[in-house]
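Let me begin by presenting the structure, written as structure tokens, before commenting on it.
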Amino acid sequence: MPATDLGLLVEAAEAAGRIALRHFGRSPETWVKEGGAGPVTEADLEIDRMLRAELIGARPDYGWLSEETEDGPARLEAERAFVVDPLDGTRAFIAGEGNFAHSLAVVERGRVTAGVVHLPKLGRTYTAALGQGARRDGVPIRASGQAEADGARVLTPSHSLRPEHWPGGVPRVSRHFRTSIAYRLCLAAEGRFDAMLTLRETWEWDVAAGSLAAAEAGAVVTTATGEAPVFNRAVPRLPGIVAAGPALHRALMARLRPGVG
């Protein structure tokens, strides 16, 4: 058994990747979740079962929050909890696109202390531990130093650039997109893009691991309303997420919330 939480998450994420690749491109059985919450496949559910067995088996006193497991209050009593998206980017996975990810994090008293985002089809693994930096495949990564909002390369869905969200004026950014939110955060963490943002409510499991990678790579990570994200809450949703280098983060928030700060 790995001595550190990060080591445990890496092993579990790699095991999740092996399951995903066994189903990938083979038309896995698929359902639509209740309430229009999106698709889920047999791979999502198999990975979720494996992750819970392995992670809780290794850390039985940790709480558990996963997209594919029915939630309950027990995790709120735990000092530490796993926050997991077994397969982030299920639509991409179903479509045969390789930019799906496994997003695994440990949260202690509301703060992410270890995180892994693993993309098995692309052969990439992003890791971060609190106070120890962020890495891609073992190599340290650093967020972009872009300072100005105009001209920044931003990973964001199109709805986040609607004028009604930007009382200070919509920034003239170069917009890009990836299905997996966790992957978007990691691409910002390694400086391949200057920022990542989404202004809709966001589930904790989508952003927990990636937010630590971005922060440890030097980005400022807040909710879209400007607060530091707090995880393992009773209702595990955040009011959006914004991740960028310090200067660019200030510039974006000045457009989102003019007169604040």
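Results, tabulated for the structure shown:
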quantity: Highest-fluctuation residue, A189, A247, A143 considered, GNM on the chain with Cα pairs under 10 Å; calculated: A247
quantity: Chymotrypsin sites (Phe, Trp or Tyr not before Pro) restricted to DSSP loop in segment 98-191 with at most 12 other C-beta within 10 Å; calculated: F177
quantity: Paramagnetic reach from A147 in segment 170-194 [backbone N under 17 Å; point 7 Å along Cα→Cβ]; calculated: 194
quantity: Cβ-defined net charge surrounding V230, 12 Å radius [Lys, Arg +1; Asp, Glu -1]; calculated: +1
quantity: Net lengthening on full extension, S27/D71 (0.36 nm per residue, minus Cα-Cα); calculated: 13.0 nm
quantity: Formal net charge of residues neighbouring A58 (Cβ-Cβ distance under 14 Å; K, R +1; D, E -1); calculated: -1
quantity: Residue-span extension gain [A234 to R192] - 0.36 nm each, minus C-alpha spacing; calculated: 11.7 nm
quantity: Local electrostatic count, G123, Cβ distance below 12 Å [Lys/Arg +1, Asp/Glu -1]; calculated: +1
quantity: Rounded Å value of the spacing that divides the Cα centres of segment 67-120 and segment 191-249; calculated: 14 Å
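Read-outs: derived from the displayed coordinates by stated rules, not from any lab. Just so it is clear, the structure is predicted and the values come from calculations on it, not from any experiment. In this analysis, Cβ positions are derived from the backbone assuming ideal geometry, glycine residues included, and neighbour counts consider all displayed protein chains.
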